[in-house]
Each structure stands twice: as structure tokens, then as C-alpha cells.
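Data block below; observations after.
The values are calculated or read from the model by the stated rules, or taken from the named source; none is laboratory data. Since the model is a prediction, treat every value here as computed from it, not as a measurement. When we count neighbours, we look across all protein chains shown, and the Cβ atoms used for this are built from the backbone with ideal geometry, even at glycine.
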Amino acid sequence: MSGILQTVSCLDGYDPDALRVDKAHEAIRACLSPLKETEAVEVRKALGRILAEDIVPKINVPGHDNSAMDGYAIRFEDLAESGAHLREVGTALAGKPFIGVVGKLQCVRIMTGAVMPEGTDTVVIQEHVQRDDANKKVLIPKDQKRGQNVRYAGEDLKTGVAVLKAGKYLRPAEIGLIASLGIGKVKVKRRLRVAFFATGDELASIGKKLKQGEVYDSNRYTLHGMLARLGVEILDLGVVRDDRAQLKKKFLSAKAKADVIITTGGVSVGEADFVKQLMAELGEVLFWKIAMRPGRPMAFGKIGKAFLFGLPGNPVAVAVTFYEIVRDALLHLAGRTDDYAIPLLHAISSEKLRKVPGRTEYQRGILYLENNLWKVRITGQQGSGVLRSMSEANCFIVLEHERGAVAAGELVSVQLFEGLA
Ligand code: AMP
Ligand code: MG
């Protein structure tokens, strides 16, 4: 079975029999309408959520010019070419400013974060001065720079200048930044609701004894994990037999509850046809052969108001299509407008890799450091049913559409599985 069961108008102009991966995001995005609904949450609860308003500071951060170091606040103009002998007239601590004006040839002992005393403009770090405690004198050596070691008001965040835009994904740094403005609640997008189920007569649930030919359903568990990491609301609708009536019921209940429906299995050649028939009967669904491996074919479209992704059944293909195709669509739908493309880095392939031009391949790789060079090797068996290959890997080796076989020592693109923030 190939090609279109029913056209999806927003996809006019794309070839459903050989869609390139690098065109798929654009094609799918053109069909999606991002979430509009928002909710207000306490700032810590906003971690991992998507901002739904611009954050415009009502205060400067820092609020005052202050010292970046422990040392002495001085008036730069007091320094002669050889330095200066200054009189220490007080102390400025973080949260306890020096009260008064610093006059000619005077200085103030100052700590990191303390407000710059009036009259001073420069900080000399304590390691660079000589103190004459008996006479309250401080010897400042030559070669200071005007304004050194001072942090200026508003240098981090400026009143009135938007610092975060609606659509930004909130990481720990943004949570801290919002808190630094004294903001306790923020508006975020409501979570995207994603329903999923697995299809297949051979699938057994955990807790049941396997009959001959059965396998435990793992896709629902992998999918659950990947969706949880994306921060969406998850509706696990279980396993459905390859049975028309049951499938129909499941699709109807899913479309009523969710913004997105993800299924696994039942879209490949030779499958009992009703998964495809039902998708087409209930909605507007296109069956694609995406020019990728693993992963082709998959279905995409709409059932009612819900967007549908029909993923293949093979466990590795589920992971690859999710990360490479579905992830982008879900984040777009969820309302992200910042850049969330997965970075492609380069590493040296330590071995030769088989590849034919005409499709993008995602091999499971192990990125490692050797003699200060980042190298990558594959995890061994690369079959799309070998889920162990995903578990052993720390990256995908991405072999681009046009690329042919790779010789040992060539640079290849990799996508890391783990990110810092
Ligand atoms: P399908 O795309 O339905 O033809 O399935 C392709 C392969 O993936 C078959 O070997 C299935 O047994 C396997 N498979 C399908 N669904 C699952 C699942 N939920 N968990 C584990 N393996 C699956
Ligand atoms: Mg199946």
C-alpha cells in the first residue's frame, strides 16, 4: 500500500511517496495550529513549560551600580600616575550600603554586591592594595582602570526591555531570571494533550504470560517516556487488537480527549488494512513514505480536531520517527517559538558505515573522546527491532539524504541524546 488514501489539503505539493526528512518539518508545520489557551502558574511550576507572555522588566537588575569584587571603592580621579594614598572612611557591605559621600583622597572598604558609595566609580581588589591599619591609610598602586570591577545598574536586565518572549521554553535559568525581577506568577501555555495507543494482535501486556508469537508491548512505555520528557499531558489508551470495531472505538474516544493522537503499528505494508482504512474513514490522513531509515512509512493527518501521527510498530522506528518528526510537530503545536532544532555536531566515524543515497539514516551511535578528538562508533546491530541499540547509544549518527557509504575517519553528523538544561 502506498501513497494517498485521501488528500490532506495543507500538504499539497509534497511527494507522499518519498518525502525528504528535511522537508517534513516544514510540511507538517504548515498543517498545524499552535495552542492558544494559557494558564497562570507559580514561577517554580513554570519549569519546563512554555511562556505565554513577554517578560518586560519593571525594575533594573541589578538595581544599583555595585562592586563585582571585595576591595576598595575609590574615586578614579584621585589617582596620580604612581597611584595614591587614600584614607579609609567606612565600609559598604552587600545589603548594608555606606551612607555618605566619599570625598577627595578617601576610599571605602567594599564587598561584592555592595552598592557603590556616592562619589566612587572604581573598585581596586583587596589583593592589590597595601594597608596601613594604624593610620587608616590604603596604598593604591598604579595602573588601575576607570570603572574596573563595577557592575552597573541594569547591566543584567533593563527596565522596559523585553527579556523573554512568549513562546520560550523555560529552563532553570529563565526561572531564576523571572525570580530576579520579583515576579511570582507567569502565564504559560496550557499543556498539549497527547493520547496514544499501540496496535497489534501479537502484543501482550506486562503481567500476562507470553503465548507463542507474542511480544510484550514496549512501544507504549518508550512513548510514555519520550512524551513525559517533552512535558505534555499524557493519555495512555492502552493496546488495541487489529480489530476494526475496537480500533474505531479507540480513535473516537481519543479524538474527543486529545490535541494529538499517536499510534504505533498497523501502517506498514502487509498489515491488516483497517488501521489505515479507519484513519482515512474518520479523518483526513495521508500515508507517507518518508525517505528515512528506520521509520518509513508513517501516517499523518487529522481526525476531528486532533492531529494524528501513525508511527510504525518497530520499536527503534518509533523512537526515531518520534524524535525526528513528531517532536518538532508537538513543540510547534504546544506553542514554542524559540529555536528547538536538535543541534547537529560533527565527530569522526571510527569505522566504515553502510549507507545508500536517497534517504536520511539514523544509526545509533556511541560518541566518545579519544586523544582529544570526539569519535563515534555504532552500537552494533542496527535492526529497527533492536531496541537495545537505542539504550546503548548516546547519540544518533545522522547520515544525510544524499550521502553514500562512509569511510573510517570521515566526519559524520551526530545528535546527542542528552542536553544540559
Ligand atoms: P507493524 O508496524 O505493526 O507491522 O509492526 C512491526 C514490528 O514491530 C512487528 O515485529 C511488531 O511485533 C513490532 N511491534 C509492533 N508494535 C509493538 C509494540 N507496541 N511493542 C513492541 N513491538 C511492537
Ligand atoms: Mg502490527
Restricting attention to the range 121-150, the residues that are over 24 Å from His64 (Cβ atoms) and assigned to a loop (DSSP other than H, G, I, E, B) number exactly 4
Picking from Gly154, Gly184, the residue that is within 30 Å of Asp65 (Cα to Cα), touching a helix residue (DSSP H, G or I) at 6+ places or on another chain (Cβ under 7 Å) and touching a residue at least 60 places away in the same chain (Cβ under 8 Å) would be Gly184
Review point. Does the range 81-101 contain any residue that is without any contact (Cβ under 8 Å) to a residue 24 or more places away in the chain, in contact with an Asp or Glu (Cβ under 8 Å, 6 or more places away or on another chain) and surrounded by fewer than 13 Cβ atoms within 10 Å (Cβ to Cβ)?
Key: yes
Counting only residues in the range 190-227 that are within 13 Å of ligand 1 (Cβ to nearest atom) and of a type in the set (D, E, K, R), the one nearest to Leu35 (Cα to Cα) is identified as Arg220
Ala80: passes all of (1) at positive phi; (2) modelled with pLDDT of 95 or more; (3) among the small types (Gly, Ala, Ser) but (1)
Are any of the residues in the range 19-35 within 30 Å of His332 (Cβ to Cβ), in a strand (DSSP E or B) and within 25 Å of the chain's Cα centre (by Cα)? no
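Would you confirm, using the coordinates I've provided, whether Phe322 is within 16 Å of ligand 1 (Cβ to nearest atom), more than 20 Å from Ala18 (Cβ to Cβ), of a type in the set (A, V, I, L, M, F, W, C) and without any contact (Cβ under 8 Å) to a residue 40 or more places away in the chain? Spell out the reasoning first.
Values: within 16 Å of ligand 1 (Cβ to nearest atom): yes; more than 20 Å from Ala18 (Cβ to Cβ): yes; of a type in the set (A, V, I, L, M, F, W, C): yes; without any contact (Cβ under 8 Å) to a residue 40 or more places away in the chain: no.
Judged against the criteria, Phe322 is not a match.
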Could we say that Ala280 is of a type outside the set (D, E, K, R), more than 16 Å from ligand 2 (Cβ to nearest atom), farther than 20 Å from Leu333 by Cα and without any contact (Cβ under 8 Å) to a residue 24 or more places away in the chain here?
no
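Look at the range 312-328 and say how many of its residues are away from ligand 2 (no atom under 16 Å from the Cβ) and crowded, with 21+ Cβ neighbours inside 10 Å. Break it down into steps so the answer makes sense when it comes.
Filtering the range 312-328 down to residues away from ligand 2 (no atom under 16 Å from the Cβ) leaves 319-320, 322-328.
Next, from what is left, pick out any that are crowded, with 21+ Cβ neighbours inside 10 Å: 319-320, 322, 324-326.
Result for the range 312-328: 6.
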